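**Student:** One structure is given below, represented as structure tokens, and several questions about it will come after.
The values are calculated or read from the model by the stated rules, or taken from the named source; none is laboratory data. Computed from a predicted structure; not experimentally measured. Ideal geometry is used to build each Cβ from the backbone, glycine not excepted, and the neighbour counts take in all protein chains shown.
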Amino acid sequence: MRQHMFDMASSRRPFALATIAEADGGPRPVGSQMVITESHAWGFLSGGCIEADVALHGRAVLAEGAPRCLVYGRGSPFIDMRLPCGGRLDVLVEQVPGDDEAVRKLRWLSEARQPAIWESNGRERRCRSQDEGGDALAEAIVRQIFLPRQRLAVVGSDPFALAIAALGSQLGWETMLVAPFGPEDPAPFGLKCDRRSALVALQDLAPDPWTAIAVATHDLEVDEEVLVPALRSRAAYVGVLGSRRRLPERVSRLLDAGLTDTEIQRLKAPIGLPIRARSPMEVAIAVVGEIIASTPVPAAEPAGSNGSGDAGNS
């Protein structure tokens, strides 16, 4: 939802922001959001049970200005709207002006790839980095963490590498295909392609804890050239495509290159979850699933946060 918030701010347009403040059951976690304007709504808070009603409330908030705290499910006054899960969702709907300072700060932190703490009491919003001090916002109803957007760098150019990169891109991840000296034709699936050496490309990428690196070159020497800096970086995930039979040789080469046992233990090899994947897209599913399982959560989460910001890193 962040991008929709930023788009509204760029056009100086106010919008309504609906956020799950508390949840007991339901498919969406605390922090899930919807952005609502007079004519559009983005995002979802349930399996389709309440979104239309939330959008109506959002437009009323835009017209009236006062925030609303909605309850759906158990204890709700909306007796004609039931949650199939039998649980309860508490939703804050607030008006956000087009020049909101908290949105501006969230955008700055997102572009700097820093986790952001977002707080709101319905009338006032505050956003700060995790490293900033300061007291919590008085009577905050929503307190959550927005994590940097997931990044994926795939090194290689064969069908397996393309499938991994394509699936990451479809998930909304910031995805880059690293294909050293590859063909000049545009990469398929609209992928961003860096044709410089893998070392230069990864150095410019500056991997952080929300970066995954998947190596699929089928060349031990090229793999080693990439894996050494990747395993020394802050990337949360580093995996390499290859057979289990050649893993001892790969480990020996990495040790000879100066990596420590601890650094080598970070390597996911063979790459991907063990789901008997064979085709390129099956392997891509296994790799993406393993990356999701490896995604870190913040060291300290504010109360009520699921650690994923807008129910993900979108």
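**Student:** Within the bounds of the stretch 234-241, is there any residue that is surrounded by fewer than 20 Cβ atoms within 10 Å (Cβ to Cβ), in the same structural domain as Leu167 (by TED's automatic domain parsing) and of a type outside the set (A, V, I, L, M, F, W, C)?
**Tutor:** Among the residues of the stretch 234-241, at least one is surrounded by fewer than 20 Cβ atoms within 10 Å (Cβ to Cβ), in the same structural domain as Leu167 (by TED's automatic domain parsing) and of a type outside the set (A, V, I, L, M, F, W, C), which makes the answer yes.
Let's see how each residue does on (1) more than 29 Å from Gly134 (Cα to Cα); (2) at pLDDT 95 or above; (3) among the hydroxyl-bearing types (Ser, Thr, Tyr):
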site: Cys69; (1), (2), (3): no, yes, no
site: Ser76; (1), (2), (3): yes, no, yes
site: Cys85; (1), (2), (3): yes, no, no
site: Val91; (1), (2), (3): no, yes, no
site: Val103; (1), (2), (3): no, yes, no
site: Leu106; (1), (2), (3): no, yes, no
site: Glu119; (1), (2), (3): no, yes, no
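**Student:** Given the conditions (1) over 25 Å from the mean Cα position of the chain (by Cα); (2) surrounded by 17 or more Cβ atoms within 10 Å (Cβ to Cβ); (3) of a type in the set (Gly, Ala, Ser); (4) under 22 Å from Glu119 (Cα atoms), and given that Ala16 satisfies all but one, which numbered condition is not satisfied?
**Tutor:** (1)
**Student:** Have a look at Ser129, Ser120, Ser110 and point out the one that is under 26 Å from Ala66 (Cβ atoms) and either in contact with a Leu (Cβ under 6 Å, 6 or more places away or on another chain) or of a type in the set (Ser, Thr, Tyr) (or both).
**Tutor:** It is Ser120.
**Student:** For the stretch 236-269, name all the residues that are free of Cβ contacts under 8 Å to residues at least 12 places away in the same chain, of a type outside the set (A, V, I, L, M) and part of a helix (DSSP H, G or I).
**Tutor:** Of everything in the stretch 236-269, those that are free of Cβ contacts under 8 Å to residues at least 12 places away in the same chain, of a type outside the set (A, V, I, L, M) and part of a helix (DSSP H, G or I) turn out to be Arg245, Pro248, Ser252, Asp256, Asp261, Thr262, Gln265.
**Student:** Going residue by residue through the stretch 26-39, is there one that turns out to be in the same structural domain as Asn121 (by TED's automatic domain parsing) and at positive phi?
**Tutor:** Checking the stretch 26-39: at least one residue is in the same structural domain as Asn121 (by TED's automatic domain parsing) and at positive phi.
**Student:** Within the stretch 224-235, is there a residue that is modelled with pLDDT of 95 or more, of a type outside the set (Asp, Glu), under 30 Å from Ser32 (Cα atoms) and assigned to a loop (DSSP other than H, G, I, E, B)?
**Tutor:** The answer is yes, given that some residue of the stretch 224-235 is modelled with pLDDT of 95 or more, of a type outside the set (Asp, Glu), under 30 Å from Ser32 (Cα atoms) and assigned to a loop (DSSP other than H, G, I, E, B).
**Student:** Looking only at the stretch 30-69, which residues are among the aliphatic types (A, V, I, L, M), outside any helix (DSSP H, G or I) and surrounded by fewer than 20 Cβ atoms within 10 Å (Cβ to Cβ)?
**Tutor:** Matches in the stretch 30-69: Ala66 only.
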